[in-house]
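The values are calculated or read from the model by the stated rules, or taken from the named source; none is laboratory data. Remember, it's a predicted structure, so these values are computed and weren't measured experimentally. Quick reminder, even Gly has a Cβ in these numbers, built from the backbone with ideal geometry, and neighbours come from all protein chains shown.
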């Protein structure tokens, strides 16, 4: 068996095991709270959950009792038994379970209704499961959260219990260690501690970037702008609000309206833009284009707004307002290959800089519902596949998962904890050029449609910043650290020399602070380490007299006394190298 086959089998086992564990958990909850109403209990990538409606909130003590009951059921090795029942029997069996009845009533006529039993517990379920509760392995309940029924804020609020299960205690403990490290690196926690950003109910799911956070945010954009200059992009600025006539023309009104913020002004309806592409199409259409003008590469850091439901927002990684390193390329069909290849080169360069060396690539092919004929899709898919082979990137094929307007390539990277994030994407679009009647004059004088290429490397800057915080654990590379050095005077009499050092650093463009508080030196050093400041420059009598600095790193390493000029060069080299 190959490693890939082994991983696939292990993933399948864990999915069945975790789904089975969710049934065992629901059984334990009903034993404790017979009046509980059951919703759904699927497996997830790292565990499982089940949603319940109960008369009082679950407590941590409840979780301990539920987990103990689960272990008892697992030890009994009860078989999971699958049965098919008719609709009438299903209604009778789940007459006291309104959420199950709703699911039953939504099933198409004639579709088989299946249930699974273990012991005295029965649940509406398609499966699959492991053969018996004894095959569940090691499990652990993790947390309690609120969840709306079917993610709809107008529906019942339920209580969700999260858990996880692994094939062995050793695998479970390794996972729990990763969770502990993930909590330590949680960007929401570090964002508060490092004074990078805040959230406030006055603007739900919309971050306020504090000065230090704004430094990182702007440096990310500045870095991408540098790449754009090298790769021939032109930056544009587009409006925030458009008449919904534009969104109807682009198709977003029919297919995306529930995710948009709408306003009414002077008896007209407007939509706050959730994406830049229709505005860029308007700019392309503002005058006649020749094949000599192409490719045209419009880049836009404009602020976007999308109505994400409150149940799915999460720190910086799922927000309602954000900016993307978003760009659209208008080109001839013959130019697609080179444009996509150039984009991948730029993307891989950026991922190496941010220490994401391992990239997984997926090529998503035509879905059942799509625009354009098969010949167009054949050409587009072949073009993207040729690019991937030309640049030597292995890739997975995802039949049926392309956008309705064209095939796409998605790029996934693992962070320092091995969690995978989808960052970059490049998508071919044949629909918007058609909807906006975009044309160019070809070399033979005929009017042709350009191909529109949607692409992003980092994606939403907010989301990428959240990922980076967790990837680095807040210890950013020196070039992007919000504070690159802190000068620590040992006593008040050393403050004058500390200010001189600060001035010299600022003259070089180094972001520096002076900790002039009347506190012990060790406390100041500890505070700087908690703030993940790369360099701590301690000054006392000896340093002031000899114009030196005692240099410490945030890792705890003491580099000892260095001449002021040498210390400045050391910091500057670390910045310039972007290491």
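The table for this structure:
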| quantity | calculated |
| --- | --- |
| Qualifying position, being under 28 Å from the mean Cα position of the chain (by Cα), within 25 Å of residue 131 (Cα to Cα), assigned to a helix (DSSP H, G or I) and touching a residue at least 60 places away in the same chain (Cβ under 8 Å), among 22, 12 | 22 |
| Qualifying positions in the range 358-413 - surrounded by fewer than 19 Cβ atoms within 10 Å (Cβ to Cβ), part of a strand (DSSP E or B) and in contact with a helix residue (DSSP H, G or I) (Cβ under 8 Å, 6 or more places away or on another chain) | 361 |
| Number of the exception - residue 53 against (1) surrounded by fewer than 17 Cβ atoms within 10 Å (Cβ to Cβ); (2) touching a residue at least 60 places away in the same chain (Cβ under 8 Å); (3) more than 30 Å from residue 177 (Cβ to Cβ) | (1) |
| Residue in the range 310-322 that is assigned to a loop (DSSP other than H, G, I, E, B), under 26 Å from the mean Cα position of the chain (by Cα), touching a residue at least 60 places away in the same chain (Cβ under 8 Å) and within 28 Å of residue 450 (Cβ to Cβ) present | no |
| Per-region count, the range 330-343, residues buried (at least 20 other Cβ atoms within 10 Å of the Cβ), part of a helix (DSSP H, G or I) and in contact with a helix residue (DSSP H, G or I) (Cβ under 7 Å, 6 or more places away or on another chain) | 2 |
| Residue match in the range 347-354 (condition: farther than 20 Å from residue 325 by Cβ and not assigned by TED's automatic domain parsing to the domain that holds residue 256) | no |
| Flag if residue 455 is in a strand (DSSP E or B) and either in the same structural domain as residue 248 (by TED's automatic domain parsing) or modelled with pLDDT of 95 or more (or both) | yes |
| Evaluation of residue 428 against (1) in a strand (DSSP E or B); (2) buried (at least 22 other Cβ atoms within 10 Å of the Cβ); (3) at positive phi (one fails), failing number | (3) |
| Residue satisfying condition, being assigned by TED's automatic domain parsing to the domain that holds residue 208, at pLDDT 95 or above and under 30 Å from residue 154 (Cβ atoms), within set 322, 301, 330 | 322 |
| Options 213, 191, 226: the member that is part of a helix (DSSP H, G or I), free of Cβ contacts under 8 Å to residues at least 12 places away in the same chain and not assigned by TED's automatic domain parsing to the domain that holds residue 36 | 226 |
| Single condition residue 512 does not satisfy, out of (1) crowded, with 16+ Cβ neighbours inside 10 Å; (2) in contact (Cβ under 8 Å) with a residue 40 or more places away in the chain; (3) under 21 Å from residue 213 (Cα atoms) | (2) |
| Test: residue 347 is surrounded by 21 or more Cβ atoms within 10 Å (Cβ to Cβ) and out of contact with any helix residue (DSSP H, G or I) (no Cβ under 7 Å at 6 or more places or on another chain) | yes |
| Matching option when the condition is at pLDDT below 95 and in contact with a strand residue (DSSP E or B) (Cβ under 8 Å, 6 or more places away or on another chain), among 160, 178, 126 | 126 |
| Matching option when the condition is outside any helix (DSSP H, G or I) and either in contact with a strand residue (DSSP E or B) (Cβ under 9 Å, 6 or more places away or on another chain) or farther than 15 Å from residue 505 by Cα (or both), among 567, 550, 544 | 550 |
| Yes/no for residue 530 being buried (at least 17 other Cβ atoms within 10 Å of the Cβ) and in contact (Cβ under 8 Å) with a residue 40 or more places away in the chain | no |
| Which numbered condition residue 462 misses (of (1) under 20 Å from residue 215 (Cα atoms); (2) in contact (Cβ under 8 Å) with a residue 12 or more places away in the chain; (3) not in a helix (DSSP H, G or I)) | (3) |
